[in-house]
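Structure, as structure tokens:
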Amino acid sequence: MKTLTIFANATITFGLISILCLIIVHISNPNIRPSYRMVSEYALGKNKWLLTLFFLCWGLCSISSGLLLWDIVTSIWAKLGVVLLFISGLGAVMGGIFNIQHKLHGLSFAIGVPFLPIAALLISYHLIGKPEWQNYGSSLLFSTHAVWISLILMAITMFLFFSTLKSAGIQYGPDSPPLKVLPEGVIGLNGWANRLLVLAYIAYPIVTTKIFLTIINFKN
């Protein structure tokens, strides 16, 4: 139990440090518009080491949460969910090592983002079947569904962004320089959706861990 408590405290600590770094990097780069610029684009601004620390702590938050949950879940499907949670954390760590200017940043996204919604659903619906977790089902499921909803919102807003860019006659691709100003007629909400996704992805392991700590404190 002592080891699990260490993993739990590490999950919360890494998650809070990650969020703090994200807040500071926003404050130090007011010229980067959050409405349509991705979080990863702060690597092009000031204090990019904070962005690296943000990604690393985000990944470590998920990884330590996975190490905690591995000994809590008991079904094969839930174990698979923990593995996917761990992989998602590795993707976030890679996002810190390989920033937006690196060719492997896209791979980092592909590893870190798509797997967490599946992981959260597999883990959470298993946990709420356990008697000691049932009282916290609403909080757990809220954080779980926030993950996949945030991913869908980001996909929708990214589609709107690129489709309205095309309608405005603007050619924009992976090698294009960042837009300093949002062109007229272009819908730029993808940045906000990206930040919502980040918060949902960090909140899920924190919420799950806080519930675990509440349960063990109640038992003691």
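Considering each residue of segment 168-183 in turn, at least one proves to be touching a Ser or Thr at 6+ places or on another chain (Cβ under 8 Å), buried (at least 17 other Cβ atoms within 10 Å of the Cβ) and not aromatic (Phe, Trp, Tyr).
Output yes when any residue across segment 33-45 is basic (Lys, Arg) and part of a helix (DSSP H, G or I), and no when none is. No, segment 33-45 has no match at all. Among residues that are among the charged types (D, E, K, R), assigned to a helix (DSSP H, G or I) and more than 23 Å from Cys21 (Cα to Cα), Lys103 is not included.
Within segment 68-82, residues that are in a helix (DSSP H, G or I) have Cβ atoms under 8 Å from residues that are buried (at least 16 other Cβ atoms within 10 Å of the Cβ) and of a type in the set (S, T, N, Q) in these pairs: Leu68/Thr11; Leu68/Thr209; Leu69/Thr208, counting only partners at least 6 apart in sequence or on another chain.
When Gly129, Gly96 are checked against the criterion of being in contact (Cβ under 8 Å) with a residue 24 or more places away in the chain and either exposed (fewer than 15 other Cβ atoms within 10 Å of the Cβ) or on the phi < 0 side of the Ramachandran plot (or both), a single residue qualifies: Gly96. Tallying residues that are surrounded by 21 or more Cβ atoms within 10 Å (Cβ to Cβ) and either within 14 Å of Ala10 (Cβ to Cβ) or touching a residue at least 60 places away in the same chain (Cβ under 8 Å) (or both) within segment 42-67 yields 10.
Where a number appears in this text, it was derived from the coordinates with a stated rule and is not lab data. Not measured: the values here are computed from a predicted model. A quick note on method: Cβ atoms are made from the backbone with ideal geometry, for glycine too, and the neighbour counts reach across all protein chains shown.
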